[in-house]
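Shown next, in structure tokens, is the structure this report addresses.
The values are calculated or read from the model by the stated rules, or taken from the named source; none is laboratory data. Just so it is clear, the structure is predicted and the values come from calculations on it, not from any experiment. Virtual Cβ from ideal backbone geometry, glycine too; neighbours counted across all protein chains shown. Areas reflect the complete protein model, heavy atoms only, side chains present, ligands, DNA and RNA absent. Shrake-Rupley method; radii C 1.70, N 1.55, O 1.52, S 1.80 Å.
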Amino acid sequence: MVGFWHDKRVVVGISGGIAAYKAPALIRRFREQGAEVTVVVTKAALEFVTRLTLQTVSDRPIYDDLFSLSQEQDMGHIRLAQEADLVVVAPATANLLAKMANGLADDLLSTLLLARLGPVLVAPAMNGAMWRHPATCRSVETLKSDGIAFVGPGHGSLACGDVDTGRLVDDTVIIEAGRRILEPNILAGRTVLITAGPTREAVDPVRYMTNRSSGKMGWAIAKAAVRAGAEVTLIHGPVSQPPIAGIQMIAVQSAEQMYHAVQDHWQVSDVAVFAAAVADYRSKYQATEKIKKEKKGNQLSVEMIQNPDILASVAQWRKEAGAGPLLMGFAAETGQALEKAQRKMVRKGCDLMVVNDVAEPGVGFDVDTNRVVVLDQAGRNLSWPLGTKNWIGTQLINVVARVLNGQGMDVMTEAPPDERVK
Ligand code: PMT
């Protein structure tokens, strides 16, 4: 299957800092994912990493000389700058940032960067004091306002022995940042409603019934939807996930509260994704005072009544209104998951059903990974290997975007092995 980087042309620019020794791994990783990589190095960078290594990992000639007749004839700097889908500078030294910010072009890399009109991603790496120096801060500020994207630097132990901010971030982080820059806003102008997490059903003022949902799956979908350019509303039960910038977050406790929040938002949504683990039942009576064992003795019976089915209700309201959002439900099953989920999709009336067999290791509740199959009403299905919830969230948003655009479900993207399960 064809992955995101397949046939993308990436220029990796390497400037002269100790972190240049990590550049070959980045180049290799880009190539493993299908990118064509052209390497442009500064003379100083070649003090830290050899031409032979770079040539071997990129499987192409290395470019370092602005005045070389052969290099310029082979691939002029203007052409290099124009043809690449992305220019990544890793590591970017303080010196290179200062040159870029001031439009200096005294070697091939800085000249290429000055001639570049398309996206540029910069991954700085330097000593912490250099990173915080007012001159570097001014360079970074100028470059950001010029539209240059930054990733890192990270915090940790540096080559100089300090533990500080200034590390080159991991190659996977650089590649993901690059993907975000290039990824088209497939849900621009769309409104996405997502439910996530558990619900909490009170029994008395101190006790409640709930489930093991952490909200991680819903969070991953919300983040993928924001990245895809959607306006996102996330209605969630009690979880301990961090806030997501740029989205509307509505915190609820019980299934009934989630039901009312969804009722307020479904009509203005293009898509509604129901990743929440909503309690099917709640206590019929909620004691206003703590239930005392002195009063109840050896046995306590709690009479339960059914909660409203939020997904089925939205499907019904949509039917009555004759219009409404694309509905993606989730089915948490144990055993014969596909058959059960198929029946659930029909019963609830959603368009797509994401099935996870939560009895499998690494799947479902309160883990960072998941393995899902997406079913549609036409009997088609899509499945992916076990992957991080973040990765699965991105795939689900791709599916949603394609269905909204009338392109169907024939989307399968290959995850880099370490993105699938990390
Ligand atoms: O939160 P995590 O720890 O990351 O775990 C993720 C998850 C396992 C919770 C998630 O992947 C998942 O499967 N979510 C749905 C869990 C669930 O309640 O499934 P269900 O088969 O009981 O319900 C089917 C669908 O109906 C779901 O979309 C659910 O949100 C919806 N529902 C259920 C009951 C109800 N009263 N109202 C609903 O809307």
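Quick notes
- Residue within the stretch 59-71 that is modelled with pLDDT of 95 or more and assigned by TED's automatic domain parsing to the domain that holds E176 present: yes
- Residue match in the stretch 98-108 (condition: part of a helix (DSSP H, G or I), under 23 Å from R9 (Cβ atoms) and at pLDDT below 95): yes
- Of all residues in the stretch 107-124, those that are closer than 20 Å to L26 by Cα have Cβ atoms under 6 Å from Cβ atoms of residues that are of a type in the set (S, T, N, Q) and open to solvent by 10 Å² or more (accessible area, probe 1.4 Å), 6 or more apart or on another chain, in L109/T42.
- Count - residues of the stretch 260-316 that are surrounded by 14 or more Cβ atoms within 10 Å (Cβ to Cβ) and of a type in the set (S, T, Y): 4
- Residues (within 16 Å of the ligand (Cβ to nearest atom) and more than 39 Å from the chain's Cα centre (by Cα)) located in the stretch 281-303: K284
- Of all residues in the stretch 150-170, those satisfying the criterion of being in contact with a helix residue (DSSP H, G or I) (Cβ under 7 Å, 6 or more places away or on another chain) and open to solvent by less than 30 Å² (accessible area, probe 1.4 Å) are V151, P153, L158, D164, G166, L168.
- Enumeration of residues in the stretch 220-243 that are open to solvent by 10 Å² or more (accessible area, probe 1.4 Å) and either within 19 Å of Q316 (Cβ to Cβ) or under 16 Å from the mean Cα position of the chain (by Cα) (or both): K223, V226, R227, G229, A230, E231, Q241, P242, P243
- Considering only residues in the stretch 121-157 that are at pLDDT below 95 and in a strand (DSSP E or B), the one that is farthest from the chain's Cα centre (by Cα) turns out to be S157.
- Unmet requirement for A222, which otherwise passes all of (1) more than 16 Å from the ligand (Cβ to nearest atom); (2) assigned by TED's automatic domain parsing to the domain that holds I305; (3) in contact with a strand residue (DSSP E or B) (Cβ under 7 Å, 6 or more places away or on another chain): (1)
- Filtering the stretch 265-280 to residues that are outside any loop (DSSP other than H, G, I, E, B) and within 15 Å of the ligand (Cβ to nearest atom) leaves H265, W266, V271, A272, V273, F274, A277.
- Subset tally (residues that are hydroxyl-bearing (S, T, Y) and not in a loop (DSSP other than H, G, I, E, B)) for the stretch 9-27: 1
- Residue identified as open to solvent by 60 Å² or more (accessible area, probe 1.4 Å), assigned to a loop (DSSP other than H, G, I, E, B) and either touching a strand residue (DSSP E or B) at 6+ places or on another chain (Cβ under 9 Å) or at pLDDT below 95 (or both) among G335, G246: G246
- Residues that are part of a loop (DSSP other than H, G, I, E, B) and either at positive phi or within 16 Å of the ligand (Cβ to nearest atom) (or both) within the stretch 304-331 comprise N307, P308, D309, G322, G324, P325, listed in sequence order.
- Single match in S214, S240 (criterion: touching an Asp or Glu at 6+ places or on another chain (Cβ under 8 Å), in the same structural domain as E320 (by TED's automatic domain parsing), within 16 Å of the ligand (Cβ to nearest atom) and not in a strand (DSSP E or B)): S214
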